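> Below you will find the structure I want to go over with you.
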Amino acid sequence: MGQTKSISKNGKAVQKFKSKDEYFIENGGILLEKQIALSQGKDIGVGQLKILSRSEIEKATNNYDPNLIVGSFRGGTVYKSVLDDKVVAIQTPSKPGPNPELVNLFLTDVSIGMVICHNNMVKIYGCCLETCVPMIVYEFYPNNDLYCYLHGDMALQKLLNWRGRLRVAIDIAYALSCMHNALSKPVVHRDVMSIGILLDESYHAKLANFGHSVVITPGKKDQRWPVHGTPGYIDPEYIETQEVTEKCDVYSFGVLMLELLTSRDPVEMAKCGNDLVDEFVSDVRKIGFKDMIDTIIIEEGNIDEIHWFTQLALKCVAKKGEERPSMIDVVEELWLIQDRVNHSGPAHSGV
């Protein structure tokens with residue numbers, strides 16, 4: 001995808017990249033196919049998406065000025081800019097040239113944003129289809145990603161207290177529940193993780209990174225996809241069977257809940273051959289759950305509330321998918337915990 005071959009005078013094959021019009025037609029067709037697949041061909045009030053030209057992106061990024069770079073993610077460089085008097089984040093591919101995998105990820109991301117709209121999902125403002133790998137424009141969220149607040153310096157970690165972490169869990173549970181239930185067929189995210197969750201100016205969480213999402217048919221057997229996701233968060237049952245269900249997301253969300261409780265990094269642990277879920281369950285049996293919880297939470301939260309949150313997390317990471325709750329059930333239980341927190345007295349410092 002993204003290139004053709006021609007023969008030069010000396011007989012050697014050379015690459016000839018397509019024109020921006022060819023890219024626009026090709027990428028637009030793929031995006032339309034994804035949109036139709038997601039909505040099952042029905043008009044469900046698809047969100048408006050601004051289609052931007054390559055020149056508009058170049059102008060907005062000041063010809064990709066490195067001083068405007070605010071981060072990078074999954075093969076893309078992110079620029080902070082202003083379009084139509086709105087602060088936005090523009091994700092461009094880090095490397096030029098054809099990359100079919102990135103095209104698929106970027107356009108799936110866009111199609112999810114077009115078809116499913118929720119306050120706790122990152123809002124997609126527009127995209128540019130005139131380049132080999134499409135570029136995406138998101139609403140800009142000033143407080144970076146959740147990962148920074150759980151694994152950054154201590155000053156950042158202290159900003160997100162028990163109530164703040166509970167609020168993050170509720171926000172993301174809402175978003176996943178919407179993905180699983182808003183359409184006639186569930187959409188499974190498949191890559192829930194702290195670095196893919198952004199925080200707005202009020203520290204409310206926004207689920208992002210929809211590139212690996214897939215539509216499934218409830219009750220249909222053998223819905224297999226190659227395993228995608230982030231080590232440390234991936235459902236072990238999915239790894240074993242390659243079958244995708246909503247419970248894959250429930251497991252990953254359970255890992256996220258344990259991450260919120262412990263401030264341990266599932267990815268770094270996985271790199272060392274360890275597993276946050278297995279270690280947490282093992283240590284809870286040996287020494288009790290209190291010694292596993294981040295001191296920031298223990299100092300600020302009610303021990304009963306933390307215990308209820310922990311028990312819900314453990315339900316979500318049950319080994320078998322059928323033993324895990326649905327995301328609707330998770331939202332309801334988190335509501336109850338939040339209600340108890342709200343009636344337990346004034347909040348401590350933090351957000």
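The values are calculated or read from the model by the stated rules, or taken from the named source; none is laboratory data. Please read all numbers here as calculations on a predicted model, not as lab measurements. Cβ: placed from backbone, ideal geometry, glycine included. Neighbour counts: every protein chain shown. Protein only, heavy atoms only, side chains kept; ligands, DNA and RNA dropped before computing areas. Shrake-Rupley method; radii C 1.70, N 1.55, O 1.52, S 1.80 Å.
> Pull up segment 109-121, narrow it to residues that are outside any loop (DSSP other than H, G, I, E, B) and among the aliphatic types (A, V, I, L, M), then point me to the one that is surrounded by the most Cβ atoms within 10 Å (Cβ to Cβ).
Of segment 109-121, the ones outside any loop (DSSP other than H, G, I, E, B) are 109-115, 121.
Narrowing further to those that are among the aliphatic types (A, V, I, L, M): 110, 112, 114-115, 121.
On the way: Val110: 27, Ile112: 25, Met114: 19, Val115: 22, Met121: 23.
Checked segment 109-121; the qualifying residue surrounded by the most Cβ atoms within 10 Å (Cβ to Cβ) is Val110.
> Can you work out which of the residues in segment 253-272 that are in a helix (DSSP H, G or I) and among the charged types (D, E, K, R) is farthest from Glu299 (Cα to Cα)?
Per the criteria, the residue is Lys271.
> Could you say which residue among Phe280, Phe253, Phe309, Phe289 is touching a Leu at 6+ places or on another chain (Cβ under 8 Å) and farther than 22 Å from His204 by Cβ?
It is Phe280.
> Quick check on my filter: what residues within segment 152-205 are closer than 17 Å to Val250 by Cβ, assigned to a loop (DSSP other than H, G, I, E, B) and open to solvent by less than 20 Å² (accessible area, probe 1.4 Å)?
Those that are closer than 17 Å to Val250 by Cβ, assigned to a loop (DSSP other than H, G, I, E, B) and open to solvent by less than 20 Å² (accessible area, probe 1.4 Å): Pro186, His189, Asp191, Val192, Met193.
> Can you find, within segment 258-293, the residue that is least open to solvent (accessible area, probe 1.4 Å) among those that are within 21 Å of Ala169 (Cα to Cα) and basic (Lys, Arg)?
Here the answer is Arg264.
> Let me ask something additional. Starting from segment 161-178, keep only residues that are farther than 11 Å from Val351 by Cα, then list their pairs with residues that are acidic (Asp, Glu) and modelled with pLDDT of 95 or more whose Cβ atoms are within a distance under 7 Å, requiring at least 6 positions of separation or different chains.
Within 7 Å, the pairs are Leu176/Asp249.
> Looking at Ile296 and the list (1) buried (at least 17 other Cβ atoms within 10 Å of the Cβ); (2) hydrophobic (A, V, I, L, M, F, W, C); (3) more than 19 Å from Glu259 (Cβ to Cβ), which single condition is not satisfied?
It fails just one condition, (3).
> Restricting to segment 238-256, give me the number of residues that are buried (at least 19 other Cβ atoms within 10 Å of the Cβ), of a type in the set (D, E, K, R) and in contact with an Asp or Glu (Cβ under 9 Å, 6 or more places away or on another chain).
Count: 2.
> OK, next. Identify the residue in segment 122-133 that is farther than 12 Å from Ile90 by Cβ and among the hydrophobic types (A, V, I, L, M, F, W, C) and, among all such residues, is surrounded by the most Cβ atoms within 10 Å (Cβ to Cβ).
Checked segment 122-133; the qualifying residue surrounded by the most Cβ atoms within 10 Å (Cβ to Cβ) is Val133.
> Only one of Phe289, Phe210 is aromatic (Phe, Trp, Tyr) and within 26 Å of Leu159 (Cα to Cα); which?
Phe289
For (1) of a type in the set (A, V, I, L, M); (2) at pLDDT 95 or above; (3) touching a Cys at 6+ places or on another chain (Cβ under 8 Å), each residue gets a yes or a no:
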residue	(1), (2), (3)
His307	no, no, no
Ala313	yes, yes, no
Val317	yes, yes, no
Glu323	no, yes, no
Arg340	no, no, no
Gly350	no, no, no
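> Quickly run through segment 134-151 and pick out the residues that are touching a helix residue (DSSP H, G or I) at 6+ places or on another chain (Cβ under 8 Å), open to solvent by 50 Å² or more (accessible area, probe 1.4 Å) and part of a loop (DSSP other than H, G, I, E, B).
The answer is none; no residue qualifies.
> Can you name every residue in segment 227-286 that is farther than 29 Å from Ala155 by Cβ and of a type in the set (Phe, Trp, Tyr)?
Tyr238, Tyr251
> Related question: For residues in segment 206-237 being over 19 Å from the mean Cα position of the chain (by Cα) and free of Cβ contacts under 8 Å to residues at least 40 places away in the same chain, which is surrounded by the most Cβ atoms within 10 Å (Cβ to Cβ)?
Of everything passing the filter in segment 206-237, Gln223 is surrounded by the most Cβ atoms within 10 Å (Cβ to Cβ).
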